Amino acid sequence: MNNNYKKGTKAVWAGEGDVNVKGAATTPIVNSVAFAYDDLEEWYDVSKGNKPGYIYSRNTNPTVAALEEKIRVLEDAEAATSFATGMAGISNTLFTFLTAGKKVVSIKDSYGGTSKMFLDFLPKYNVDVELCDTTDHEALEAAIAKGCDVVYLETPTNPTLKIIDIERLSKAAKAVGAIVLVDNTFATPINQNPLQLGADIVIHSATKYLCGHSDAMGGLIAGKKELVQKVFQFREINGASLQADTAYMIARGMKTLELRIERQNASALKIAAFLKAHNKVNDVFYPGLETHTGHDIAKKQMRGFGGMMSFVLNGGWSSVQKFLPALKLVHRAASLGSVSTLAGPPRTTSHVELTEAQRKQLGIPEGLIRYSVGIENVDDLLNDLDEALKTV
Ligand SMILES: *Cc1c(COP(=O)(O)O)cnc(C)c1O
């Protein structure tokens, strides 16, 4: 792959054509569990990794490899590997680098499942976890400087779209020899490339924007070869591998990633500005707005501000109860990053496991609505929001 190609071209062509089926216009789904060899020496060489090839699909599979190659190229990484879900990617990566006695520094606002790893599971394995206020860079730098093995970041965050400076915290991590992991699910490689900002591994829930159609789950990581190899070796044994037919669905979605993200970036910016100016809306969290506290950092490290936003209605929860059912062009559902617009309150989606008091402590008002902008015509979305706001 010519590295001078732009992202939209890479998304279509990277990884394609490596599965040898003469004339196929797209990567075939190879639903084979095992791969046969007549030559015993060749079989041995491939199974030892001394020769390229496939042995067993829990380890590697041609269709899955094509998808891994797509994310490797789009994140400009040395290596990539895949998982059954985004959480499998996150937990496999954390368990690979965090063994008893090691320390991770992270933020309080990470994705719900990731938070549970930090609060419940990793401490049980005697991993030391320190979580800082998400946008307090001084506190994060101080925590990192005390010494740690892993710095785990996510930006923009869920559901209030906080922004953290990847380059600044990667420098702090490097100074103490820690590796930096970044969940890039919200931004996608179209809007942000954490490896270019100093991260060692970038993680995606492919279930969201990469797939883009709410019809397949997967996880992908990309980064330094030596590190990705370690995670791969753990994943091939614990078995959280991605299926070939699911990999095909995600790769198919990724071919239109740039088209979808450019559309969603543009629509979200218009919608955020509309909501910001509306008298029924108290607050809008969108990094593309100049009033957003993380706007300057976002401008520095992102090429677009993404399709995710959240906003607070006047009147709290009772307004949410009237407003959400009045929206016509949304799935009232938990996921995000799809071609169709999705909306929901954190109390039934990202932060369902917390109490009202805990949500308040995290700065999540009960009147908050998370809105994932789809690829519909933006005028229809604006009208839909305008009509539904009349019920508030
Ligand atoms: C959804 C999500 C995950 C988890 O991905 P799954 O595919 O649902 O396991 C991780 N991080 C972020 C930011 C997410 O939005």
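Got the relative contact order for the chain handy, in percent, Cα pairs under 8 Å and 6 or more residues apart? Before the final figure, lay out each step's value.
Working: 807 pairs, mean separation 63.9, N = 392.
It rounds to 16 percent for the chain.
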Provide the per-residue ³J(HN,Hα) series for region 344-351, in order, calculated from phi with Karplus coefficients 6.51, -1.76, 1.60 and θ = phi - 60°, each as a whole number of Hz, with x at glycine and proline positions. x, x, x, 5, 10, 10, 5, 10
Amide H neighbours of SER241 under 5 Å, at least 5 residues apart or on other chains, H built in the peptide plane: list them. ALA84
Size of electric dipole in the chain: Cβ of Lys, Arg +1 and of Asp, Glu -1, about Cα centre, debye, nearest 20: 520 debye
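Relative to the Cα centre, what is the charge dipole magnitude of region 328-392, using +1 at the beta carbon of each Lys and Arg, -1 at the beta carbon of each Asp and Glu, and rounding to the nearest 20 debye?
Details: 7 positive and 9 negative charges, 65 e Å.
Dipole size: approximately 320 debye.
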Loop-located GluC sites (Glu not before Pro) in region 221-319 whose Cβ has at most 16 other Cβ within 10 Å (DSSP): GLU290
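Distance cut-off 19 Å, Cα to Cα: go down the list LYS70/LYS255; LYS103/LYS174; LYS146/LYS299; LYS171/LYS230; LYS276/LYS360; LYS108/LYS280 and report the pairs above it. Before the final figure, lay out the partial values.
Working: LYS70/LYS255 9 Å; LYS103/LYS174 15 Å; LYS146/LYS299 30 Å; LYS171/LYS230 23 Å; LYS276/LYS360 22 Å; LYS108/LYS280 29 Å.
From the list (LYS70/LYS255; LYS103/LYS174; LYS146/LYS299; LYS171/LYS230; LYS276/LYS360; LYS108/LYS280), the Cα-Cα distance tops 19 Å for LYS146/LYS299; LYS171/LYS230; LYS276/LYS360; LYS108/LYS280.
What's the longest piece of the chain with no exposed trypsin sites (Lys or Arg not before Pro), counting a site as exposed if DSSP puts it in a loop and it has at most 12 other beta carbons within 10 Å?
Values: sites that count: LYS6, LYS22, LYS48, LYS146, LYS328, LYS390.
The longest uninterrupted stretch comes out as 147-327.
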Residue among LEU269, ILE29, GLY239 farthest towards the positive dipole end of the chain, charges placed on Cβ: LEU269
Distance in Å, no decimals, from the C-alpha centre of region 334-392 to the one of region 43-108 is 33 Å
Which residue fluctuates most in the GNM of the chain (Cα springs below 10 Å): TYR248, TYR56, TYR37? TYR37
Placing each pseudo-label 7 Å from Cα in the direction of the beta carbon, ASP120 and GLU226 end up separated by a distance in nanometres of 3.5 nm
If you build the Cα gyration tensor of region 28-153 and take the root of 5 times each eigenvalue, what three semi-axes come out, in whole angstrom, biggest first? 37, 16, 14
Counting other Cβ atoms within 10 Å of each Cβ, which chymotrypsin sites (Phe, Trp or Tyr not before Pro) in region 121-215 have at most 16 and sit in a DSSP loop? TYR125
Using a probe radius of 1.4 Å on heavy atoms only, what accessible surface per residue do you get for region 1-145? Whole Å² is fine. 52 Å²
How far, in degrees from 0 to 90, does helix 86-97 lean away from the longest principal axis of the Cα atoms of the chain, to the nearest 10? 60 degrees
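The values are calculated or read from the model by the stated rules, or taken from the named source; none is laboratory data. Just so we're clear, the structure is a prediction, and the values are computed from it rather than from any experiment. Cβ: placed from backbone, ideal geometry, glycine included. Neighbour counts: every protein chain shown. When the accessible area is computed, the model is the full protein with side chains, heavy atoms only, and any ligands, DNA or RNA have been set aside. Shrake-Rupley method; radii C 1.70, N 1.55, O 1.52, S 1.80 Å.
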